[in-house]
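Here is the structure we will look at, set down as structure tokens.
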Amino acid sequence: MKIIAIMAQKGGTGKTTTATTLAYDLARLNGPVLLIDADQQGNASQIMGAYDPTAWGVEKLLEPDTDAASVDDLKQTREWQPKKKAPAVRVDVVAASAALMDANMDVAADTVNDQIHRLQERLAAVSSAYKYTVIDCGLLLDMAVLNALVAADLWIVPVKPGGFEVDGLLRVHEQLEELRQLNDGLELWVLPVMFGKSNTHKAVMAHLRSLGHRVTLATIRRSVIAESYTAAALPLPVYSPRCGVAKDYEALAYEVVAWNDESEGKA
């Protein structure tokens, strides 16, 4: 099982759209897939139709071994029928809940038990059940996000063509070096989002490639549909399967599948 964390420390980069769409596309192309919402806002849970502020969620995976729940205890299976003759697309979802903020503080305060490998241990228990786990991370490097990045094989950072967002990659590089002391196999991909064909955007793209991190072949264009679909509580490819941005994300999913196949070939 490959674990993919989607995390950016700048808002408005389509982080949750990337996580939910990638989970859906991977399930359709190369599943089965588990989606974990590790953002206390719960937006990924809402898009996948799994949000319940009164139910236990991802915070139970962060409790110490004696108290923690399993993925099987918490998951909700969501299903969509993309086409009449196509097989249903299923994604298991562990939702975020209102208790995640308190859970982050509890983990940080617990200096007796291991703090950063809890999610990794819960996911190891279901590694044979899934081909991929996609984790939608919050904007802050809190304990839930730290657990996600310590467990992850791949960290995807969505970056839009603005000066602050690109400059933020310098901090990401510093964090990556620190995280590799805890997870030496962690890879980083930069995902360009909301890009167009202007000369300015081309210059930003060239700059991204010069920074030394892998920039995805897939580039996500700006789309009115992608900015407005969330109210439907549906994954983007279900809401608008023919829109250009859905095709862009499909290209990203194929890129992830190829990366996974390559890594399995090396194993």
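Taking a threshold of 20 Å on the Cα-Cα distance, which of the pairs LYS75/LYS247; LYS83/LYS247; LYS15/LYS202; LYS10/LYS197 fall above it? From the list (LYS75/LYS247; LYS83/LYS247; LYS15/LYS202; LYS10/LYS197), the Cα-Cα distance tops 20 Å for LYS75/LYS247; LYS15/LYS202; LYS10/LYS197.
Build a GNM of the chain with springs between Cα atoms under 10 Å apart, and of VAL159, VAL190, VAL134 the one that fluctuates most is VAL190. Exposure proxy shown here: for TYR239, TYR229, the number of other Cβ atoms within 10 Å sets the order, fewest to most, as TYR239, TYR229.
May I ask what percent, to the nearest 5, of DSSP beta bridges between residues of the chain are antiparallel?
Details: 5 of 33 bridges.
Bridges in the chain are about 15 percent antiparallel.
The value of relative contact order for segment 25-102, using C-alpha pairs under 8 Å at least six residues apart, is 45 percent.
Calculate the tail of P(r) for segment 1-148: the fraction of all Cα-Cα distances greater than 21 Å, expressed in %.
On the way: 4221 of 10878 pairs.
Summing the P(r) tail past 21 Å for segment 1-148 gives 39 percent.
Between THR54 and ASP72, residue separation times 0.36 nm minus the direct Cα-Cα distance comes to 4.6 nm. Maximal additional length on extending the SER228-ARG242 stretch stands at 3.5 nm, based on 0.36 nm per residue less the C-alpha distance. For the chain, a Gaussian network of Cα nodes joined below 10 Å ranks GLY185, GLY244, GLY212 by mean-square fluctuation, and the top entry is GLY212.
Which whole-number percentage describes the relative contact order of segment 2-266, with Cα contacts under 8 Å and a sequence gap of 6 or more?
Relative contact order comes out at 26 percent.
Assign unit charges at the C-beta atoms only (+1 for Lys and Arg, -1 for Asp and Glu), then state the dipole size of the chain relative to its Cα centre in Debye, rounded to the nearest 20.
For this selection, approximately 1700 debye.
GNM on the chain, alpha-carbon springs under 10 angstrom: the most fluctuating residue among ILE225, ILE36, ILE156 is ILE225.
Largest first and in whole Å, give the semi-axes of the chain's equivalent ellipsoid, each being the square root of 5 times a Cα gyration tensor eigenvalue.
Calculated on Cα positions only, the semi-axes equal 27, 23, 18 Å.
Going from the fewest other Cβ atoms within 10 Å to the most, the residues LYS85, LYS131 appear in the order LYS85, LYS131.
Every number in this text was worked out from the coordinates using simple rules, so none of it is lab data. All values reported here derive from a predicted model rather than from experimental measurement. Every residue, glycine as well, gets a Cβ built from its backbone with ideal geometry; the counts of neighbours run over all protein chains shown.
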